[in-house]
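Here is the structure we will look at.
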């Protein structure tokens, strides 16, 4: 498929993040507006939930209940059309939380966004938690493969996608580089690290062929990558930067992209609401269409 552009679908948001296709809708967190939105396949807002603080990631547990992690480590869950705070808090140190993936056993893997101390925390259904992976260079988007046995993670400052085997007891083992886009940053400050990389893998989405769509804000694009690093497709977001993506739609072949103007202060994003939801059609459908058909447990 040749390189092509994404088209505007909805606008008026502060900063959309963590898009997910679920139950016939596209869900996304507006990080700086403190809301969770659910959209129809054509971009109309069908539901809005207020989330105290900054909702940084969303996922669903095996009972199909929406869970939201906030940047300050609180866990929210949907209840009768509202988000309520659960008793569990993520032990995050000085890092902020930024993504969440819940596996078929109800274990939540939550990224701690740190340059040198980046990590993944695992929160068990009983409320106990532990560090599942360390030494991650700004862990960003992550997702489980169709069989539920591999967790793939974007390390933004590492210019790479990193894969782990997820064991039956919830351990992340056999760490390996799934795809590399260049050498990892060696700087100790975020500003310097940004200057050392060309590809900044942010949010990701897996397709049914085993490839991964990667939002690359530095390139104003979303790229489709095979294991090993070959880029097969590029979707341009023009003057906007792409921060996250999801595959969905009725046939799983719509690529949704959360985008916004680059280099805008947080306060300006809150007031001017220049964030947008973009979309384009792709050939290979989402992996979750296949994953939803397999038994859980």
**Report entry** Pairwise Cα inverse-distance average, inverted: Kirkwood Rh of segment 171-219 (Å)
**Finding:** 12.8 Å
Report summary line: By the Cα gyration tensor axes a ≥ b ≥ c (a/c under 1.5 gives rounded; else a/b larger than b/c gives prolate, otherwise oblate), the shape of segment 105-188 is oblate
Requested in this report: Report the relative contact order of the chain, percent, no decimals, based on alpha-carbon pairs under 8 angstrom and at least 6 residues apart.
Outcome: 18 percent
Query raised in the report: Tell me, what is the percent relative contact order of segment 142-297, built from C-alpha pairs under 8 Å that lie six or more residues apart?
Result: 17 percent
**Report entry** Value of Rg to Rh for segment 143-297 (Rh from inverse mean 1/r over Cα pairs, i.e. Kirkwood)
**Finding:** 0.99
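Just the projected area, averaged over all directions, of the convex hull on the alpha carbon atoms of segment 4-291: how many nm²?
Mean projected area for segment 4-291: 13.3 nm², to one decimal.
Each reported figure results from applying straightforward, stated rules to the coordinates on display, with no laboratory input. Everything numeric here is computed off the predicted structure, so don't read it as measured data.
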